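The values are calculated or read from the model by the stated rules, or taken from the named source; none is laboratory data. Keep in mind that this is a model prediction, so the values were computed, not measured. Ideal geometry is used to build each Cβ from the backbone, glycine not excepted, and the neighbour counts take in all protein chains shown. All accessible areas refer to the heavy atoms of the entire protein, side chains included, with ligands and DNA or RNA removed. Shrake-Rupley method; radii C 1.70, N 1.55, O 1.52, S 1.80 Å.
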Amino acid sequence: MSTKKISSVVIRRLPRYYRYLGELRDSGVERISSRELSVRMKVTASQIRQDLNNFGGFGQQGYGYNVEHLFNEIGKILGIDRPHSMIIIGAGNFGQAIAKYSDFRKRGFCLEGIFDNDPEKEGKEISGVKVQMMDKMPDFIRDNKIEIAALLVPKSAAASITKVLVDSGIKAIWNFAHTDLNVPDSIPVENVHLSESLMRLSYSLSGQGSQKERNAR
(Lines give C-alpha, C1' and ligand atoms only; values in the text may rest on other atoms or scores of the structure.)
Protein backbone atom coordinates (compact mmCIF):
# COMPACT_ATOMS: atom_id res chain seq x y z
CA MET A 1 0.00 0.00 0.00
CA SER A 2 1.26 3.53 -0.73
CA THR A 3 2.67 5.48 2.21
CA LYS A 4 2.29 8.92 0.61
CA LYS A 5 0.20 11.54 2.38
CA ILE A 6 -3.45 11.12 1.45
CA SER A 7 -5.85 14.05 1.24
CA SER A 8 -8.27 14.31 4.16
CA VAL A 9 -11.08 14.66 1.61
CA VAL A 10 -10.24 11.21 0.23
CA ILE A 11 -10.03 9.73 3.74
CA ARG A 12 -13.47 11.10 4.54
CA ARG A 13 -14.91 9.31 1.52
CA LEU A 14 -13.51 5.91 2.53
CA PRO A 15 -16.25 5.11 5.07
CA ARG A 16 -18.84 5.66 2.32
CA TYR A 17 -17.02 3.19 0.08
CA TYR A 18 -16.89 0.75 2.96
CA ARG A 19 -20.60 1.12 3.67
CA TYR A 20 -21.69 0.71 0.05
CA LEU A 21 -19.38 -2.24 -0.53
CA GLY A 22 -20.68 -3.89 2.62
CA GLU A 23 -24.23 -3.54 1.33
CA LEU A 24 -23.19 -5.01 -2.04
CA ARG A 25 -21.40 -7.91 -0.38
CA ASP A 26 -24.38 -8.66 1.86
CA SER A 27 -26.66 -8.71 -1.19
CA GLY A 28 -24.43 -11.25 -2.95
CA VAL A 29 -22.69 -8.98 -5.47
CA GLU A 30 -19.22 -10.38 -6.24
CA ARG A 31 -17.77 -7.72 -8.52
CA ILE A 32 -18.59 -4.19 -9.62
CA SER A 33 -17.14 -1.67 -12.05
CA SER A 34 -16.22 1.88 -11.10
CA ARG A 35 -19.07 3.05 -13.36
CA GLU A 36 -21.64 0.89 -11.57
CA LEU A 37 -20.30 1.98 -8.19
CA SER A 38 -20.42 5.60 -9.27
CA VAL A 39 -24.14 5.31 -10.06
CA ARG A 40 -24.83 3.99 -6.56
CA MET A 41 -22.62 6.52 -4.77
CA LYS A 42 -23.44 9.54 -6.95
CA VAL A 43 -19.78 10.38 -7.57
CA THR A 44 -17.92 10.02 -10.85
CA ALA A 45 -16.19 6.81 -11.86
CA SER A 46 -13.03 8.84 -12.40
CA GLN A 47 -13.18 10.10 -8.80
CA ILE A 48 -13.55 6.56 -7.49
CA ARG A 49 -10.55 5.37 -9.50
CA GLN A 50 -8.47 8.34 -8.35
CA ASP A 51 -9.40 7.76 -4.71
CA LEU A 52 -8.56 4.06 -4.78
CA ASN A 53 -5.36 4.61 -6.77
CA ASN A 54 -4.04 6.53 -3.74
CA PHE A 55 -3.78 3.13 -2.08
CA GLY A 56 -2.41 1.23 -5.06
CA GLY A 57 -5.68 0.56 -6.91
CA PHE A 58 -7.68 -2.62 -6.54
CA GLY A 59 -9.41 -3.09 -9.89
CA GLN A 60 -8.61 -4.96 -13.07
CA GLN A 61 -9.19 -3.63 -16.56
CA GLY A 62 -12.34 -5.19 -17.98
CA TYR A 63 -13.21 -6.85 -14.68
CA GLY A 64 -13.78 -4.08 -12.18
CA TYR A 65 -13.46 -4.56 -8.44
CA ASN A 66 -13.86 -7.72 -6.41
CA VAL A 67 -16.39 -6.51 -3.82
CA GLU A 68 -15.27 -8.77 -0.96
CA HIS A 69 -11.59 -7.97 -1.50
CA LEU A 70 -12.11 -4.21 -1.80
CA PHE A 71 -14.39 -4.20 1.25
CA ASN A 72 -11.71 -5.96 3.30
CA GLU A 73 -8.88 -3.78 2.00
CA ILE A 74 -10.70 -0.55 2.80
CA GLY A 75 -11.43 -1.96 6.24
CA LYS A 76 -7.69 -2.42 6.72
CA ILE A 77 -6.98 1.11 5.51
CA LEU A 78 -9.55 2.46 7.98
CA GLY A 79 -8.06 0.31 10.73
CA ILE A 80 -11.30 -1.50 11.48
CA ASP A 81 -9.84 -4.92 10.74
CA ARG A 82 -8.95 -4.99 14.44
CA PRO A 83 -10.98 -4.07 17.54
CA HIS A 84 -10.80 -0.64 19.20
CA SER A 85 -11.67 -0.13 22.86
CA MET A 86 -13.93 2.81 23.60
CA ILE A 87 -15.61 4.66 26.46
CA ILE A 88 -18.48 7.14 26.54
CA ILE A 89 -18.33 10.19 28.80
CA GLY A 90 -21.77 11.54 29.53
CA ALA A 91 -24.71 9.21 30.15
CA GLY A 92 -27.46 11.64 29.22
CA ASN A 93 -30.05 10.88 26.57
CA PHE A 94 -27.60 11.36 23.71
CA GLY A 95 -24.88 9.36 25.43
CA GLN A 96 -27.31 6.51 26.04
CA ALA A 97 -28.42 6.59 22.40
CA ILE A 98 -24.79 6.36 21.26
CA ALA A 99 -24.19 3.47 23.68
CA LYS A 100 -27.16 1.57 22.23
CA TYR A 101 -26.01 1.93 18.62
CA SER A 102 -25.57 -1.68 17.56
CA ASP A 103 -23.24 -1.06 14.61
CA PHE A 104 -20.32 -0.17 16.89
CA ARG A 105 -19.46 -3.74 17.76
CA LYS A 106 -20.05 -4.88 14.18
CA ARG A 107 -17.43 -2.35 13.10
CA GLY A 108 -14.97 -3.42 15.79
CA PHE A 109 -15.57 -0.60 18.29
CA CYS A 110 -15.95 -2.24 21.69
CA LEU A 111 -17.74 -0.15 24.30
CA GLU A 112 -15.94 -0.90 27.56
CA GLY A 113 -17.15 1.83 29.89
CA ILE A 114 -19.62 4.68 30.41
CA PHE A 115 -18.92 7.56 32.80
CA ASP A 116 -21.01 10.35 34.29
CA ASN A 117 -20.93 12.69 37.30
CA ASP A 118 -24.58 12.14 38.30
CA PRO A 119 -24.73 9.78 41.31
CA GLU A 120 -28.27 8.76 40.38
CA LYS A 121 -26.93 7.16 37.19
CA GLU A 122 -24.21 5.17 38.92
CA GLY A 123 -24.68 1.45 38.30
CA LYS A 124 -27.31 1.94 35.60
CA GLU A 125 -26.76 -0.60 32.85
CA ILE A 126 -26.81 0.58 29.23
CA SER A 127 -26.24 -2.01 26.50
CA GLY A 128 -24.70 -4.31 29.09
CA VAL A 129 -22.26 -1.68 30.40
CA LYS A 130 -22.66 -0.11 33.85
CA VAL A 131 -22.33 3.64 34.34
CA GLN A 132 -19.42 4.59 36.59
CA MET A 133 -18.52 7.86 38.27
CA MET A 134 -15.99 10.19 36.66
CA ASP A 135 -13.36 9.69 39.36
CA LYS A 136 -13.00 6.07 38.22
CA MET A 137 -12.21 7.07 34.63
CA PRO A 138 -8.42 7.69 34.72
CA ASP A 139 -7.59 4.29 36.23
CA PHE A 140 -10.13 2.58 33.96
CA ILE A 141 -8.49 4.04 30.85
CA ARG A 142 -5.03 2.93 31.98
CA ASP A 143 -6.04 -0.50 33.25
CA ASN A 144 -8.09 -1.35 30.14
CA LYS A 145 -5.86 0.35 27.55
CA ILE A 146 -8.78 2.39 26.22
CA GLU A 147 -8.10 3.97 22.83
CA ILE A 148 -11.14 6.15 22.06
CA ALA A 149 -13.26 8.43 24.24
CA ALA A 150 -16.62 9.71 23.03
CA LEU A 151 -17.10 13.06 24.70
CA LEU A 152 -20.79 13.90 25.24
CA VAL A 153 -20.61 16.56 27.94
CA PRO A 154 -21.55 20.25 28.17
CA LYS A 155 -19.19 22.67 26.49
CA SER A 156 -18.22 24.13 29.87
CA ALA A 157 -16.88 20.78 31.08
CA ALA A 158 -15.09 19.72 27.90
CA ALA A 159 -11.68 21.32 28.53
CA SER A 160 -11.18 19.91 32.03
CA ILE A 161 -12.33 16.42 31.05
CA THR A 162 -10.14 16.48 27.95
CA LYS A 163 -7.09 17.21 30.12
CA VAL A 164 -7.90 14.17 32.26
CA LEU A 165 -8.30 12.04 29.13
CA VAL A 166 -4.95 13.17 27.73
CA ASP A 167 -3.18 12.68 31.07
CA SER A 168 -4.73 9.20 31.34
CA GLY A 169 -3.32 8.11 27.99
CA ILE A 170 -6.36 8.24 25.68
CA LYS A 171 -5.39 7.82 22.03
CA ALA A 172 -8.29 9.54 20.20
CA ILE A 173 -11.39 11.61 20.98
CA TRP A 174 -14.80 11.60 19.33
CA ASN A 175 -15.98 15.07 20.29
CA PHE A 176 -19.67 15.98 20.54
CA ALA A 177 -19.06 18.87 22.96
CA HIS A 178 -19.51 21.70 20.42
CA THR A 179 -16.15 23.24 21.22
CA ASP A 180 -12.63 22.86 19.89
CA LEU A 181 -10.34 20.79 22.09
CA ASN A 182 -6.74 21.60 22.95
CA VAL A 183 -4.89 18.31 22.63
CA PRO A 184 -1.41 17.21 21.49
CA ASP A 185 -0.99 16.69 17.76
CA SER A 186 -0.56 12.96 18.40
CA ILE A 187 -4.19 12.63 19.55
CA PRO A 188 -6.68 12.78 16.64
CA VAL A 189 -10.01 14.44 17.33
CA GLU A 190 -13.13 13.89 15.24
CA ASN A 191 -15.53 16.76 15.88
CA VAL A 192 -19.26 16.13 15.48
CA HIS A 193 -21.21 19.40 15.31
CA LEU A 194 -24.88 18.58 14.80
CA SER A 195 -25.84 22.22 14.30
CA GLU A 196 -23.27 22.54 11.52
CA SER A 197 -24.82 19.53 9.77
CA LEU A 198 -28.21 21.20 9.98
CA MET A 199 -26.78 24.44 8.60
CA ARG A 200 -25.31 22.55 5.64
CA LEU A 201 -28.74 21.03 5.10
CA SER A 202 -30.27 24.50 5.25
CA TYR A 203 -27.74 25.64 2.64
CA SER A 204 -28.86 22.82 0.36
CA LEU A 205 -32.53 23.70 0.88
CA SER A 206 -31.82 27.31 0.01
CA GLY A 207 -30.93 26.18 -3.50
CA GLN A 208 -27.32 27.32 -3.21
CA GLY A 209 -25.83 23.83 -3.04
CA SER A 210 -25.71 21.66 -6.14
CA GLN A 211 -27.04 18.09 -6.18
CA LYS A 212 -23.47 16.87 -6.68
CA GLU A 213 -22.28 18.74 -3.57
CA ARG A 214 -25.14 17.33 -1.51
CA ASN A 215 -24.49 13.73 -2.56
CA ALA A 216 -20.75 13.97 -1.97
CA ARG A 217 -21.17 14.65 1.74
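Numbers at a glance
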{"quantity": "Rounded, prolate or oblate (a/c below 1.5 giving rounded, otherwise prolate when a/b exceeds b/c) for the range 80-193 by Cα gyration tensor", "calculated": "rounded"}
{"quantity": "Carbon + sulfur, % of accessible area of the range 108-180 - ligands and nucleic acids excluded, 1.4 Å", "calculated": "50"}
{"quantity": "DSSP beta bridges in the range 1-148 [antiparallel fraction, %, rounded to 5]", "calculated": "35"}
{"quantity": "Positive dipole terminus of the chain, leading residue within ASN54, ILE11, SER195 (C-beta point charges)", "calculated": "ASN54"}
{"quantity": "Prolate/oblate/rounded call for the range 146-192, Cα gyration tensor, a/c under 1.5 rounded", "calculated": "prolate"}
{"quantity": "Solvent exposure of the chain as accessible area per residue, Å², 1.4 Å probe", "calculated": "59"}
{"quantity": "Tensor-based shape of the range 46-98 (alpha-carbon gyration tensor, a/c under 1.5 rounded, otherwise prolate or oblate)", "calculated": "prolate"}
{"quantity": "GLN47-SER156 FRET efficiency (beta carbon distance; Förster radius 41 Å; 0.05 resolution)", "calculated": "0.45"}
{"quantity": "Extension reserve of the ASN117-ASN144 stretch, reckoned as 0.36 nm per residue once the Cα distance is removed", "calculated": "7.7 nm"}
{"quantity": "Orientation-averaged projected area, Cα convex hull of the chain (nm²)", "calculated": "14.1"}
{"quantity": "Mean Cα-pair separation over length for the chain, i.e. relative contact order, pairs under 8 Å, 6 or more apart, %", "calculated": "14"}
{"quantity": "FRET efficiency for ASN191 and VAL9, using Cβ-Cβ distance with R0 set to 25 Å, rounded to 0.05", "calculated": "0.95"}
